[in-house]
Amino acid sequence: MLTPLALARDVLFAGAARPLCHACLARALGVGYGEARELAFSLRLTGEVTLVPASCDACGRRRLVVRVHGDLPDVLTRIVRCLVHHRARGYCAECLAGEVHCLAAEAAHALDRLQRVPGLAQRVDRCAGCHRVLPVAFASTGDRG
Ligand SMILES: [Zn+2]
Ligand SMILES: [Zn+2]
């Protein structure tokens, strides 16, 4: 199931270099203008997009547009940041997906790759997010560098 936020990411990131105004984003998502604004705001909080005054790629009007960062951190990078931020607290793929705004399947895939990332580990433990006992990922060391 795709949340509106995941859908917004898909639309924006599929267009990568295409900046869209809130109205055109709303049209692309099939949601109201207000909801599109809220989604864009959420994505801005995670640092995935910026809001800049520019010409909208869809309607051509010059307004505040939502633009994806050129060097968008991939899901794995965002998960690593999230884990390091939470220090030693383990989170399952589902909770991480919620934290970094990606699909659960994407998070699970990232966790597979994460086993090769130094300083991060996985074990079966109680998830700090949902409190279920299942495989969780965590930052294994507090001292980095
Ligand atoms: Zn537009
Ligand atoms: Zn969890």
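Report yes if some residue within region 23-39 is of a type in the set (Gly, Ala, Ser), at pLDDT 90 or above and under 30 Å from Val117 (Cβ atoms); otherwise report no. No: zero hits. Return the residue satisfying two criteria in turn: it lies in region 93-110 and is more than 12 Å from ligand 2 (Cβ to nearest atom) and in contact (Cβ under 8 Å) with a residue 24 or more places away in the chain, and of such residues it is farthest from Thr46 (Cα to Cα). In this case the residue turns out to be His109. Of all residues in region 111-124, those being in contact (Cβ under 8 Å) with a residue 12 or more places away in the chain and either among the basic types (Lys, Arg) or within 16 Å of ligand 1 (Cβ to nearest atom) (or both) number 2.
To keep it simple, each residue is scored yes or no on (1) at pLDDT below 80; (2) out of contact with any Lys or Arg (no Cβ under 7 Å at 6 or more places or on another chain); (3) in a helix (DSSP H, G or I).
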site: Asp57; (1), (2), (3): no, no, no
site: Val65; (1), (2), (3): no, yes, no
site: Leu72; (1), (2), (3): yes, yes, no
site: Leu83; (1), (2), (3): no, yes, yes
site: Ala107; (1), (2), (3): no, yes, yes
site: Asp125; (1), (2), (3): no, yes, no
site: Leu134; (1), (2), (3): no, yes, no
site: Gly142; (1), (2), (3): yes, no, no
site: Gly145; (1), (2), (3): yes, yes, no
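Exactly one residue among Val117, Val80, Val124 is more than 21 Å from Leu7 (Cα to Cα) and surrounded by fewer than 16 Cβ atoms within 10 Å (Cβ to Cβ), and that residue is Val124.
The values are calculated or read from the model by the stated rules, or taken from the named source; none is laboratory data. In this text the structure is predicted, and so the values were computed from the model without any measurement. Neighbour counts run over all protein chains shown; Cβ positions are idealised from the backbone, glycine included.
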